[in-house]
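Structure record follows, encoded as structure tokens.
The values are calculated or read from the model by the stated rules, or taken from the named source; none is laboratory data. From a predicted model like this one, the values you see are computed outputs, not experimental measurements. Cβ atoms come from the backbone with ideal geometry, glycine included; neighbour counts cover every protein chain shown. With ligands, DNA and RNA removed, areas are computed over all heavy atoms of the protein, side chains included. Shrake-Rupley method; radii C 1.70, N 1.55, O 1.52, S 1.80 Å.
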Amino acid sequence: MPTENRMENIVALAKRRGFVFQSSEIYGGLNGFWDYGPLGVELKRNVRQAWWADMITEHDEISTPAGAPCSFDMVGVETSIIMHPQVWKVSGHYDLFADKLVDCRETKARFRADHLTCYSVVVPSTTGEAPTRIGYVAAVGTTDDFAEQLGKSFLKRMQTAFARDKAEVQIGDQQPFLALPVPERATVWNPEAKAVGTLTDPRDFNLMFETFTGALQSDENKAFLRPETAQGMFVNFKNVCDSSRVKLPFGVAQIGKSFRNEITPRNFTFRSREFEQMEMEFFCHPSQSLQWYQYWRDRRYNWYMQLGIAKENLILREHAQEELAHYSVGTADLEYAFPFLEAGQYGELEGVAHRGDFDLRSHSEGKLCKENGQLVVEKGPDGKAKYQGSGKDLSYFDDQTRERFVPHVIEPAAGCDRATLAFLCEAYHEDQAPDDKGEMQTRLVLKLHPKLAPVKVAVFPLIKKDGMPEKAAAIYREFKQAGIAVAYDQQAAIGRRYRRMDEIGTPFCVTVDGDTLTADTVTVRDRDTLKQDRVSVKELVDHVRSRLRG
Ligand code: ATP
């Protein structure tokens with residue numbers, strides 16, 4: 001199926017079956033905000049639950065997991081969305097959490113500068129000399145066959161715009177927008193605009209949403225909606241150490257909403273302005289931090305595959321040295337081949353970063369910056385710390401080795417909505433299956449991992465008489481009591497009911513038929529293999545439970 005149709009079909013299914021709706025849809029929607037419907041809320045809750053179980057509830061703190069240097073503790077927190085504004089000054093978000101923004105004065109379109117690529121517009125030489133550059137065309141993306149895609153009519157418009165008889169787009173000499181020399185910016189053309197030179201210079205745009213605490217909307221009362229959950233763990237490092245029995249190394253995890261006023265929210269829930277993060281800060285001794293970085297990077301990669309992401313759709317991309325934040329010694333992104341991307345391209349699901357001691361030291365001493373290869377407190381014009389830290393001692397004392405030090409931090413930071421979207425995209429299949437008359441029909445099926453499926457089992461009476469609905473209702477209630485998400489459906493032909501369950505990813509369908517009434521057995525149909533087994537009603541709940549575990 002072509003990639004673009006695939007994404008459209010997934011979005012359509014998400015709406016039709018109640019996974020995801022546009023926020024405030026009846027008022028025309030609000031760009032960058034999404035609502036989860038009855039099935040979406042369950043799917044997302046299961047993603048959250050799988051992450052929390054892996055990090056906290058199923059974590060065994062006595063034994064050493066494979067690949068880890070030693071055993072470790074894991075605890076959770078839930079911190080507030082609005083924090084002391086100093087948190088964001090010290091963390092660097094206040095100064096640095098900005099994207100470069102470019103506006104088109106004519107079309108009012110807005111672009112992230114790093115999403116634009118400028119292609120040279122040149123007049124080719126007839127005498128073999130170098131072509132003359134007469135301007136630039138800005139386009140979103142980095143497609144090599146840009147000119148071909150835009151076609152001849154585009155070239156005509158461009159010639160008119162640049163008032164030349166002959167002009168070509170020079171692809172070989174691509175330059176990132178920000179690298180353009182100043183005088184030439186005026187000639188940059190947005191292909192959607194009629195006039196040339198309508199794009200503004202790139203300017204900073206802070207992504208943090210502002211609000212006010214208390215009655216007065218003054219500067220002193222200004223606060224921010226958190227753009228990440230991580231700072232909640234750093235500022236509570238001492239509280240967690242003092243109030244629980246954790247010993248280094250240990251992790252503190254949190255799941256919660258974050259907000260970023262993204263310039264160009266796009267690609268369904270992939271880039272939203274309100275989203276949920278699943279972040280964990282792992283505090284360890286500096287001498288072991290590289291080993292822990294590798295451990296968490298690999299473990300997080302495997303988590304996605306254990307929940308059904310195919311290896312060929314997932315990559316682990318180590319950042320090049322120049323991509324790293326100034327405090328980081330290593331960062332890797334886990335990226336997924338989302339269907340809205342071109343073949344061979346991947347979108348970030350999660351970043352795993354080695355943050356060194358940057359955060360704890362900054363919150364203690366004042367915002368740090370790098371000078372001559374060292375992290376030092378950044379000074380303001382008066383020679384004092386530009387942004388004061390808390391002044392609290394955020395070091396750790398190891399009572400075994402009698403050593404005091406500031407722990408290093410490894411941070412796996414995942415997006416819950418992006419993970420949910422990736423699982424949804426991965427699960428989406430169209431295959432062939434027989435209908436009620438045995439004829440092969442196209443079947444739309446979500447092959448969700450059983451742990452993630454919103455409904456685990458559906459119960460159907462084959463017909464609406466002969467005591468079948470009563471028997472099916474009793475079985476339905478047994479599943480309810482066992483805490484297994486169950487649906488009941490007695491409407492329409494059995495094939496239609498199977499299809500409805502396939503479409504929402506229900507792994508098993510139980511059908512009560514004539515034999516149930518005489519032999520106390522039912523059929524259990526497997527969503528993926530379509531195989532039907534006869535199972536005794538007495539063993540049914542245990543049977544389904546064990547198959548759900550896989
Ligand atoms: P991007 O480069 O895509 O903007 P990022 O590197 O800024 O992402 P992080 O700050 O590392 O993202 O946040 C951790 C995770 O939070 C991301 O990997 C992603 O899954 C999720 N996330 C970040 N921004 C958004 C957003 N606008 N919408 C949905 N999820 C997001």
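The strands (runs of 3 or more DSSP E) found entirely in the stretch 352-440 include none that carry 3 or more residues being surrounded by 20 or more Cβ atoms within 10 Å (Cβ to Cβ) and either touching a His at 6+ places or on another chain (Cβ under 6 Å) or modelled with pLDDT under 95 (or both). Residues that are closer than 30 Å to Cys284 by Cβ and in contact with a Phe, Trp or Tyr (Cβ under 6 Å, 6 or more places away or on another chain) number at least 2 in the following helices (runs of 4 or more DSSP H) confined to the stretch 3-121: 85-91. As for the stretch 42-51, it holds no residue that is under 20 Å from the mean Cα position of the chain (by Cα) and more than 24 Å from Trp303 (Cα to Cα).
Just checking, does the stretch 508-523 include any residue being of a type in the set (Val, Ile, Thr) and surrounded by fewer than 14 Cβ atoms within 10 Å (Cβ to Cβ)? Looking for residues that are of a type in the set (Val, Ile, Thr) and surrounded by fewer than 14 Cβ atoms within 10 Å (Cβ to Cβ), one finds at least one in the stretch 508-523, hence yes.
Going by the structure shown, is Arg226 open to solvent by 40 Å² or more (accessible area, probe 1.4 Å), over 30 Å from Arg133 (Cα atoms) and within 16 Å of the ligand (Cβ to nearest atom)? In short, no. Quick check: anything in the stretch 287-294 open to solvent by 10 Å² or more (accessible area, probe 1.4 Å) and within 26 Å of Ala12 (Cα to Cα)? Within the stretch 287-294, none of the residues are open to solvent by 10 Å² or more (accessible area, probe 1.4 Å) and within 26 Å of Ala12 (Cα to Cα).
The set of residues in the stretch 22-45 being open to solvent by less than 70 Å² (accessible area, probe 1.4 Å) and aromatic (Phe, Trp, Tyr) consists of Phe33, Tyr36. Candidates in the stretch 267-290 are the residues that are small (Gly, Ala, Ser) and under 30 Å from Tyr396 (Cβ atoms); of these, the one that is nearest to the ligand (Cβ to nearest atom) is Ser289. Restricting the search to helices (runs of 4 or more DSSP H) fully inside the stretch 213-328 and requiring at least 2 residues that are in contact (Cβ under 8 Å) with a residue 40 or more places away in the chain and of a type in the set (Gly, Ala, Ser) gives 230-235.
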